[in-house]
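What follows is one structure encoded as structure tokens, with my remarks underneath.
The values are calculated or read from the model by the stated rules, or taken from the named source; none is laboratory data. No experiment lies behind these values; they were computed from the predicted model shown. Every residue, glycine among them, receives a Cβ derived from its backbone with ideal geometry; neighbour counts consider all protein chains shown.
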């Protein structure tokens, strides 16, 4: 189908996030990637589903923490249990992906390709998503560290941006560019300039590289991290937590990609959404009369209520005179927030923690 051999491709799903902006549905023990926010399948199940046309479950891996490993194993029984890589504590995406690459190279050729994706994104055009990953694979085999860039639809200030340089090739009908630079979450005016230029893409955190290439860059750019990761895959398991504890947290973008040699981007329009807030869920959900979105198993009766999101575990939710609101009703907590302030749920979660209300987290 793709006219490219994928037999040496391994795909890692990053599944360590907490999803605090989707509280009170998303909790520490059941973060958003383990929830069925859209349809019957959970987000991590949907992620695995869209990868299975590319590789068999034996070459899909999940990178997570100890608190979620068992739930992931239950939700993804087709993936071998040993393919769930557990990191002892959060250290950022660089040590997490570096450790996965080191583990994979123990059992595979250094020229094998590793792809990294996230467990909690929504993709409307799954075939375009897969085609971009195949194009990234072909580019990685040429010696590049590759990122997939999302064609922006508005000047977002909450995403990082990738600026393209010269055209390198075409793969799978997609243009491949050299990366000129990465920019972290710009202010609104700069984001507008980026989008209007047509040269910038959102950084979704999807990557592809050969195992040798990424670990060579770790050794060059993060030598202390590389040494400890190497020790973890060559020493007794009893020492792993101690070694891991000596690693300083760092993201793959800051630690590797922004400084790496030979970085390429594959731009793609795939209907991507990182589901970063309840407002984002509203935007991509089917709307009923008045522009309202009803989720969950409950009932909503609204008078003069429009453009609002209502989630109920089962209870009746009745509203009068509401517009652009979000109401999330769970067994032990109720959230009411204007849609335009949905990003502030993260701050609310911090306030709950500060007040000692940890049973609700």
Of (1) at positive phi; (2) at pLDDT 95 or above, residue 328 satisfies every one except (1)
If you go through 145, 133, the only one that is under 24 Å from residue 42 (Cα atoms) and crowded, with 20+ Cβ neighbours inside 10 Å is 133
Counting only helices (runs of 4 or more DSSP H) wholly inside segment 199-263, the ones holding at least 1 residues that are in contact with a helix residue (DSSP H, G or I) (Cβ under 9 Å, 6 or more places away or on another chain) and surrounded by fewer than 16 Cβ atoms within 10 Å (Cβ to Cβ) are 211-221, 223-234
When restricted to 95, 90, 66, the only residue touching a residue at least 60 places away in the same chain (Cβ under 8 Å) and either in a loop (DSSP other than H, G, I, E, B) or farther than 18 Å from residue 229 by Cα (or both) is 90
If we ask which residues in segment 159-168 are farther than 12 Å from residue 273 by Cα and either at pLDDT below 95 or loosely packed, with under 13 Cβ neighbours inside 10 Å (or both), their number turns out to be 3
Of (1) in contact (Cβ under 8 Å) with a residue 60 or more places away in the chain; (2) surrounded by 15 or more Cβ atoms within 10 Å (Cβ to Cβ); (3) in a loop (DSSP other than H, G, I, E, B), residue 104 satisfies every one except (3)
- Query: With respect to residue 304, is the statement that it is at positive phi, touching a strand residue (DSSP E or B) at 6+ places or on another chain (Cβ under 7 Å) and surrounded by fewer than 19 Cβ atoms within 10 Å (Cβ to Cβ) true?
  - Reply: yes
- Please indicate, with yes or no, whether at least one residue in segment 169-177 is in the same structural domain as residue 108 (by TED's automatic domain parsing), free of Cβ contacts under 8 Å to residues at least 40 places away in the same chain and part of a helix (DSSP H, G or I). no
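Provide a single number: the residues in segment 184-194 that are crowded, with 17+ Cβ neighbours inside 10 Å and within 22 Å of the chain's Cα centre (by Cα).
So the answer is 2.
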Residue 77: passes all of (1) modelled with pLDDT of 95 or more; (2) surrounded by 15 or more Cβ atoms within 10 Å (Cβ to Cβ) but (2)
